[in-house]
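For reference, the structure discussed in these notes is given below.
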Amino acid sequence: MLKIENLRLPPGADRAALSLAAAKALRVPPEAVKELTILRRSVDAREDPVLIYTVAVSLDGEGAVLRRCRNRRVSRYAPEQAYRLPPSRPASEVRPIVVGAGPAGLFAALVLARAGQRPLLLERGSPVEARRADVERFWSTGELDLASNVQFGEGGAGAFSDGKLNTGTRDPRHRFILNTLVENGAPPDILYDAKPHIGTDYLYTTLQSLRRTLQANGADILFETRLTDLRIENGALTAVTVEGPQGPYDLPCNRLILCPGHSARDTFEMLHRRGVPMEPKPFAVGLRIEHRQADCDAAQYGRYAGHPGLPASTYKLSCHLPNGRGVFSFCVCPGGQVVAAASEPDRVVTNGMSAYARDLENINGAILVNVTPEDFGVDGPLAGIAFQRRIEEAAYALGGGGYRAPAQRVEDFLNRRPSAGPGKVAPSYRPGVTWTNLWDCLPAFVSESIAEALPILGRRLPGYDAPDAVLTAIESRSSSPVRILRDQTCQSPVRGLYPCGEGAGQAGGILSAAADGMRCAESALGL
């Protein structure tokens with residue numbers, strides 16, 4: 001096969017037009033192209049938007065065609081090296097245990113199961129079917145389930161997000177993860193889109209299918225079962241204590257892949273009591289900002305805004321301020337909504353979520369300020385958790401209780417005055433917002449940095465600092481505030497303990513967390 005890069009097509013061009021463009025690049029008649037596979041698709045919106053494709057094609061006499069076309073965009077297609085699962089081996093007498101059914105835990109369990117190890121997967125929350133009902137009840141009534149919410153349950157925090165699969169690293173595991181997701185119901189375009197996303201609606205069905213795949217391969221999954229203690233003898237893990245519907249009990253364990261998620265604060269506290277080495281790590285806090293999707297499309301697509309052949313526009317913004325702080329966008333959710341994401345009583349947390357179609361009225365994204373251990377106010381590995389809790393409690397109080405979130409128009413935020421209500425951007429957060437002055441719940445350095453950054457970012461994306469854009473507090477769970485230490489074998493100094501994924505401070509995002517889960521499973525297999 002031959003690879004052709006940088007095929008530029010207008011919005012709405014169909015597959016026949018793509019095949020014709022490939023034939024033109026190869027200087028062959030259209031009927032000579034026997035097979036065409038899309039390898040990558042992106043949008044270039046710098047002028048009139050175009051779709052840019054990289055494709056692989058098969059045709060007769062490929063060597064002669066390559067020599068004759070004399071096109072630097074054409075080359076021999078060399079498929080990426082495929083990931084190979086570890087070979088199956090006899091199961092150990094003591095089953096490996098995986099804690100946490102987020103991306104890291106699911107894919108760690110999958111590798112172990114496919115290797116014949118019959119892993120036991122423990123998840124404190126509920127299966128995704130029950131979890132969705134619990135989350136909808138919280139958003140509708142403010143009734144929070146402490147074990148089944150946006151942070152806890154099958155799929156992890158990513159199950160109520162945009163399902164973005166971006167990563168800045170290259171790893172053969174990534175293609176395996178994407179293929180596995182597609183095999184279990186995710187949309188096929190995640191295999192080639194430059195900015196792939198699944199969407200919460202597809203994640204809901206994909207997670208159920210992946211659960212069945214794990215069980216078919218020998219994994220047992222225990223929901224509503226929480227890790228509560230470790231037994232450590234001579235520096236090595238020998239057993240764990242868990243608490244399930246029937247109460248607490250012990251399980252023998254000498255291989256524990258710990259994928260706690262970034263909000264498992266009680267787990268971090270237990271690990272600290274047991275002397276598991278960890279350290280505070282930098283993260284970021286800030287707000288959610290909402291705009292009308294149509295306005296964002298107009299700013300980026302111009303006269304093509306609303307074209308059915310273009311995806312809902314998104315953005316990625318950042319700036320470095322004179323005060324040394326970085327301010328940046330994070331987890332942008334086109335055509336989505338701001339969601340209540342609390343996991344502890346009397347604390348307000350926000351996040352963003354989109355369905356696959358990204359067809360709701362607003363686009364939202366976090367606007368975050370970097371935070372370092374020097375900002376936490378206290379020392380110790382759990383100082384970042386205390387910092388998060390303080391600002392979440394302040395947001396809850398300012399919202400007036402009931403998990404209502406404090407909100408403010410951008411114009412009022414920049415002028416440090418309370419908002420009386422919305423302008424043309426209607427906030428999407430449920431159970432609802434309280435119009436107020438966000439400076440009253442944010443640390444001063446966060447408010448000041450966001451206020452300084454908004455006009456700068458507005459010059460980079462017209463309308464970003466629009467007066468009626470809505471700011472909602474507070475975004476505090478961008479990443480884990482803790483890093484659980486491990487060595488090159490992915491093990492903690494406590495032997496047999498494999499801290500893993502985003503919650504352990506070892507990854508960030510769905511794809512990188514899933515890959516880290518696979519890496520830890522390989523290490524637990526002795527590879």
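The values are calculated or read from the model by the stated rules, or taken from the named source; none is laboratory data. Since this is a predicted model, take the numbers as computed values, not measurements. No Cβ is skipped: glycine too gets one built from the backbone with ideal geometry, and neighbour counts run over all protein chains shown. Heads up: the accessible areas ignore ligands, DNA and RNA and are worked out on the full protein's heavy atoms, side chains in. Shrake-Rupley method; radii C 1.70, N 1.55, O 1.52, S 1.80 Å.
Select from the chain the helices, each a whole stretch of DSSP H, whose alpha-carbon atoms run 20 Å or more along the helix axis and whose Kyte-Doolittle mean is at least -1.0; answer none if there are none.
Length and hydropathy pass: 200-216, 383-399, 444-460, 510-524.
Write down Rg/Rh for the range 281-329, rounded to two decimals, with Rg from the C-alpha atoms and Rh from the Kirkwood relation over Cα pairs.
We get a ratio of 1.12 for the range 281-329.
To two decimal places, what compactness ratio does the range 197-239 give when its Cα radius of gyration is scaled by 2.2 N^0.38 Å?
This ratio for the range 197-239 stands at 1.77.
Can you give the longest run of the chain that contains no GluC sites (Glu not before Pro) sitting in a DSSP loop with at most 15 other Cβ atoms inside 10 Å?
Answer from the scan: 144-360.
Go through the range 85-97 residue by residue and turn each phi into a ³J(HN,Hα) via Karplus (6.51, -1.76, 1.60, θ = phi - 60°); whole Hz please, and just put x for glycine and proline.
Once θ is set to phi - 60°, the couplings for the range 85-97 become 4, x, x, 5, 8, x, 5, 6, 5, 9, 5, x, 10 Hz.
Tell me, what ³J(HN,Hα) does each residue in the range 479-488 have, in order and in whole Hz, if you take phi through Karplus 6.51 cos²θ - 1.76 cosθ + 1.60 with θ = phi - 60° and put x for Gly and Pro?
7, 5, x, 10, 10, 8, 6, 8, 9, 5
Using a Cα distance threshold of under 19 Å, what count of lysine pairs results for the chain when pairs must be 8 or more residues apart or interchain?
The result is 6.
Mind jotting down the three principal axis lengths of the range 315-373 based on Cα atoms? Whole angstrom, largest first.
Projected onto the principal axes, the Cα atoms of the range 315-373 cover 38, 33, 14 Å.
Take the Cα pairs of the range 45-98, get the Kirkwood Rh, then feed it into Stokes-Einstein at 20 °C and 1.002 mPa s and tell me D in µm²/s.
The Stokes-Einstein estimate is 127 µm²/s.
Quick check on the range 129-171: take the gyration tensor over C-alpha atoms, sort the square-rooted eigenvalues as a ≥ b ≥ c, and tell me if it's rounded (a/c under 1.5), prolate or oblate.
Prolate shape, in that a/c is at least 1.5 and a/b is the bigger ratio.
Stretched out fully, how many nm does the piece from Glu411 to Lys316 gain, at 0.36 nm a residue minus the Cα gap?
32.0 nm
Can you classify the range 82-222 as rounded, prolate or oblate using the Cα gyration tensor, where a ≥ b ≥ c are the square roots of its eigenvalues, rounded means a/c under 1.5, and otherwise it's prolate if a/b beats b/c and oblate if not?
oblate
Could you calculate the FRET efficiency of Glu269 with His307 from 1/(1 + (r/R0)^6), where r is the beta carbon distance between them and R0 is 60 Å, rounded to 0.05?
With R0 = 60 Å, the Cβ-Cβ based efficiency is 0.70.
List, in order, the whole-Hz ³J(HN,Hα) value for each residue of the range 330-340 obtained from phi through the Karplus relation with A = 6.51, B = -1.76, C = 1.60 and θ = phi - 60°; use x for Gly and Pro.
Once θ is set to phi - 60°, the couplings for the range 330-340 become 7, 6, 6, 10, x, x, x, 9, 7, 10, 6 Hz.
Can you give me the Cα centroid spacing of the range 162-176 and the range 3-21 in angstrom?
25
Check Arg40: other-chain or 5+ apart residues with amide H under 5 Å from its amide H, H built from backbone geometry?
Thr54
At Arg72 and Asn166, where each label point lies 7 Å from the Cα along Cα→Cβ, what is the point-to-point distance in nanometres?
Distance between label points: 2.8 nm.
State whether the range 329-457 is rounded, prolate or oblate according to the following rule on the C-alpha gyration tensor (a ≥ b ≥ c being the square roots of its eigenvalues): a/c under 1.5 gives rounded; otherwise a/b larger than b/c gives prolate, and the remaining case gives oblate.
Rounded, because the longest to shortest axis ratio a/c is under 1.5.
From the gyration tensor of the Cα coordinates in the range 348-415, what semi-axes in whole Å does the equivalent ellipsoid have, largest first, with each one equal to sqrt(5λ)?
They are 27, 17, 14 Å, listed largest first.
So what is log10(I(q)/I(0)) for the chain at q = 0.05, 0.06, 0.07 1/Å, when the Debye sum runs over its Cα atoms only?
-0.22, -0.31, -0.42
Run the Debye formula on the Cα coordinates of the range 279-388, all scatterers equal and no solvent, and tell me log10 I(q)/I(0) at q = 0.22 1/Å.
-1.16
Can you give the extra length, in nm with one decimal, that the chain gains between Glu129 and Leu20 once fully stretched, where that is 0.36 nm per residue apart less the Cα-Cα distance?
Length gained between Glu129 and Leu20: 34.7 nm.
Can you list residues from other chains, or at least 5 along the same chain, whose modelled amide H is less than 5 Å from the amide H of Gly365?
Ile289, Cys333
Multiply the residue separation of Asp440 and Leu39 by 0.36 nm, subtract the distance between their alpha-carbon atoms, and state the gained length in nm to one decimal.
The Asp440-Leu39 span can extend by a further 139.5 nm.
Roughly to the nearest percent, how much of the accessible area of the chain is carbon and sulfur, given a 1.4 Å probe?
The value for the chain is 50 percent carbon and sulfur by accessible area.
List the residues, sorted by chain then number, that are 5 or more residues from Gly125 or on another chain and whose placed amide H is less than 5 Å from its amide H.
Gly153, Glu224, Thr225
Over the heavy atoms of His272, what accessible area does a 1.4 Å probe trace out, to the nearest 10 Å²?
Here the accessible area works out near 90 Å².
Taking every pair of Cα atoms in the range 1-134, average 1/r, invert it to obtain the Kirkwood radius, and report Rg/Rh to two decimals.
Across the range 1-134, the Cα-based Rg/Rh ratio is 1.22.
Which log10 I(q)/I(0) values, to two decimals, does the range 1-50 give at q = 0.16, 0.17, 0.19, 0.29 Å⁻¹ under the Debye formula with one point per Cα?
-0.47, -0.52, -0.65, -1.28
Ala32 to Ile456: FRET efficiency via 1/(1 + (r/R0)^6), r the Cβ-Cβ distance, R0 51 Å, to the nearest 0.05?
Efficiency, rounded to the nearest 0.05: 0.50.
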